[in-house]
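Engineer: Here it is, the structure in full.
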Amino acid sequence: MEAALRIAQAGFHAVLVEKEPELGGTLRDLHSSFPRWENPRELIDHRVGLLTKSRRVTIRTQTAVTSSARQKKGFRVSLKSLRNENEDELDVDAVVLTTGFELMDVSVYGEYGYGIYPGVMTSLEFEGQLKKWAQSTREIAADAPRGVALIQCVGSRDRSKGNPYCSKICCMYTAKQAGLVKDLFPDTRVYVFYMDYRASGKEYEEFVRQVIEEKHVRYIRGRPAKVLPEDGRLLVRAEDTLMGIPVEVAVDMVILASAIVPRPGTRLLAGMFGARTDEYGFIESELHEPVRSADRVFFAGGCGFAIETTGALNQGASAAAGVIALFNEDR
Ligand SMILES: Cc1cc2nc3c(=O)[nH]c(=O)nc-3n(C[C@H](O)[C@H](O)[C@H](O)COP(=O)(O)OP(=O)(O)OC[C@H]3O[C@@H](n4cnc5c(N)ncnc54)[C@H](O)[C@@H]3O)c2cc1C
Ligand code: SF4
């Protein structure tokens, strides 16, 4: 969205292809965003408003790219409507890939009971729950959880069952989610299990400190070994590695900060345009070209790696700058 908008603002035509019925991506599912407790809906509405008004942007929702052929300058792209199967072709001078990321399937961590115990959910599912609660606080106050445990690094930094990399954004969104529970239900006990927390961004450290010190979320250093059902609740068993003692907490919900992984379709789409992907399927950049992956092929956001919203916006603007520079050279 950001790249399309900037390209249009520079006087060129952009076609925005989205497979879903609505624009906005993962932000549509988020309840509030770090580091400023902002409502992501406002950002989406602002950008969608500008894109819809622009005469130079064509929005194609429920549309997929099915193939592409390289031409002298650019590509001939085949598009298919996911509504009525209609197909058409489009000649474009450059491409920006922005397919985002998804969460790893954490059911491989049988010890946490995802898919088995109803109170265990992923961080993205929990955003939906937070939204629901926030919209109807009064009615659901009686159902407030007495305890919530959030487990970081599930599927990240784990060479045996997950991915070796750090997913970069989950320390921050976990702090946000823990803080939001305390805002909604001040009497709920909220625990964050972490290996170490990474808060390297503007206002990030202050954000996490606020959650710990002002909202009274308890951070326990240690990776839980098991989640067990007990008396209708969930028992989280871990070792507090700072204190060197075993810990057990009884909660009603367990939230797994699942690893960020590329969408399976990204590798396929990248291949259509000659863009490279890494061993996991994230789009790889060319040397010294942070948002370019091949000749006339740029990328931005989560399809390159885990990234927070501001970073995705910045990359969208950078990719647009690359496209605009190229078009000016073509003239
Ligand atoms: C649980 C959770 C909480 C988060 N909280 C925060 C927060 O508080 N603050 C913050 O800054 N960031 C947060 N983030 C990160 C934020 O979601 C991302 O920074 C942002 O979504 C990245 O945007 P994107 O456009 O790159 O990808 P996405 O939002 O994933 O959008 C990609 C879009 O591409 C579309 N698409 C995918 N493949 C295709 C295809 N083949 N053809 C057509 N369309 C396609 C998708 O439908 C989607 O609309 C959070 C992420 C998670 C998982
Ligand atoms: S960002 Fe934090 S929670 Fe996510 S993988 Fe890295 S250290 Fe773990």
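Engineer: Picking from Arg209, Arg198, Arg218, which residue would you name as being out of contact with any Lys or Arg (no Cβ under 9 Å at 6 or more places or on another chain) and charged (D, E, K, R)?
Structural biologist: Result: Arg209 is the single residue among Arg209, Arg198, Arg218 that is out of contact with any Lys or Arg (no Cβ under 9 Å at 6 or more places or on another chain) and charged (D, E, K, R).
Engineer: Among Arg41, Arg28, Arg83, Arg36, which is the only one that is in a loop (DSSP other than H, G, I, E, B), modelled with pLDDT of 95 or more and within 22 Å of Tyr173 (Cα to Cα)?
Structural biologist: Arg36
Engineer: Let me ask you something else. How many residues are near ligand 2 (Cβ under 9 Å from one of its atoms) and not in a strand (DSSP E or B) if we restrict to segment 164-198?
Structural biologist: Going through segment 164-198 one residue at a time, the tally reaches 14.
Engineer: Just to be sure, is Glu20 among the acidic types (Asp, Glu), in contact with a Ser or Thr (Cβ under 7 Å, 6 or more places away or on another chain) and either surrounded by fewer than 19 Cβ atoms within 10 Å (Cβ to Cβ) or at pLDDT below 95 (or both)?
Structural biologist: It is true that Glu20 is among the acidic types (Asp, Glu), in contact with a Ser or Thr (Cβ under 7 Å, 6 or more places away or on another chain) and either surrounded by fewer than 19 Cβ atoms within 10 Å (Cβ to Cβ) or at pLDDT below 95 (or both).
Engineer: Here is a follow-up. Going through segment 113-149 one residue at a time, which ones are under 19 Å from the mean Cα position of the chain (by Cα) and more than 11 Å from ligand 1 (Cβ to nearest atom)?
Structural biologist: Passing the criteria: Gln129, Lys131.
Engineer: A further question follows. Would it be correct to say that Ile307 is in a strand (DSSP E or B), under 30 Å from Val190 (Cβ atoms), of a type in the set (A, V, I, L, M) and in contact with a strand residue (DSSP E or B) (Cβ under 9 Å, 6 or more places away or on another chain)?
Structural biologist: So Ile307 fails the test.
Engineer: Between residues in segment 187-202 that are among the small types (Gly, Ala, Ser) and residues that are surrounded by fewer than 16 Cβ atoms within 10 Å (Cβ to Cβ), which pairs lie under 7 Å by C-beta distance while being six or more apart or on different chains?
Structural biologist: Ala199/Glu205
Engineer: Would you please list the contacts, defined by Cβ atoms under 9 Å and residues six or more apart or on different chains, that run from a residue in segment 251-268 that is open to solvent by 20 Å² or more (accessible area, probe 1.4 Å) to a residue that is among the acidic types (Asp, Glu) and more than 10 Å from ligand 1 (Cβ to nearest atom)?
Structural biologist: Note: pairs meeting the criteria are Val261/Asp105.
Engineer: Scan segment 199-218 residue by residue and report those that are part of a loop (DSSP other than H, G, I, E, B) and within 18 Å of Asp240 (Cβ to Cβ).
Structural biologist: Residues satisfying the conditions are His216, Val217.
Engineer: Before we move on, is Lys168 out of contact with any strand residue (DSSP E or B) (no Cβ under 9 Å at 6 or more places or on another chain), assigned by TED's automatic domain parsing to the domain that holds Tyr219, of a type in the set (Lys, Arg) and open to solvent by 30 Å² or more (accessible area, probe 1.4 Å)?
Structural biologist: No.
Engineer: Another question about this same structure. Only one of Ala317, Ala270, Ala312 is out of contact with any helix residue (DSSP H, G or I) (no Cβ under 7 Å at 6 or more places or on another chain), within 15 Å of ligand 1 (Cβ to nearest atom) and either assigned to a strand (DSSP E or B) or within 24 Å of Ala64 (Cα to Cα) (or both); which?
Structural biologist: Step by step, each of Ala317, Ala270, Ala312 is checked, and only Ala270 is out of contact with any helix residue (DSSP H, G or I) (no Cβ under 7 Å at 6 or more places or on another chain), within 15 Å of ligand 1 (Cβ to nearest atom) and either assigned to a strand (DSSP E or B) or within 24 Å of Ala64 (Cα to Cα) (or both).
Engineer: Same structure again: Step by step: first the residues of segment 143-157, then only those that are under 23 Å from Tyr117 (Cα atoms) and not in a strand (DSSP E or B), then the one that is farthest from ligand 2 (Cβ to nearest atom). Which residue is that?
Structural biologist: Asp143
Engineer: Test of understanding: among Ala306, Ala317, Ala294, which residue is touching a Phe, Trp or Tyr at 6+ places or on another chain (Cβ under 7 Å), surrounded by fewer than 22 Cβ atoms within 10 Å (Cβ to Cβ) and within 24 Å of Pro40 (Cα to Cα)?
Structural biologist: Checking each option against the conditions leaves just Ala306.
Engineer: Among Asp231, Asp252, Asp240, which is among the acidic types (Asp, Glu) and under 27 Å from the mean Cα position of the chain (by Cα)?
Structural biologist: Exactly one residue qualifies, and that residue is Asp252.
Engineer: May I pose another question? Answer yes or no: is there a residue in segment 34-41 that is under 21 Å from the mean Cα position of the chain (by Cα), within 16 Å of ligand 2 (Cβ to nearest atom) and under 20 Å from Gly302 (Cα atoms).
Structural biologist: Scanning segment 34-41 turns up at least one residue that is under 21 Å from the mean Cα position of the chain (by Cα), within 16 Å of ligand 2 (Cβ to nearest atom) and under 20 Å from Gly302 (Cα atoms).
Engineer: Could you tell me which numbered condition Leu235 fails, if it satisfies all but one of (1) touching a residue at least 24 places away in the same chain (Cβ under 8 Å); (2) more than 16 Å from ligand 1 (Cβ to nearest atom); (3) surrounded by fewer than 23 Cβ atoms within 10 Å (Cβ to Cβ)?
Structural biologist: Leu235 satisfies every listed condition except (1).
The values are calculated or read from the model by the stated rules, or taken from the named source; none is laboratory data. Just so it is clear, the structure is predicted and the values come from calculations on it, not from any experiment. Cβ sites come from the backbone with ideal geometry, for glycine too, and all protein chains shown count toward neighbours. Just so you know, the surface numbers come from the protein's heavy atoms only, side chains and all, with ligands and any DNA or RNA stripped out. Shrake-Rupley method; radii C 1.70, N 1.55, O 1.52, S 1.80 Å.
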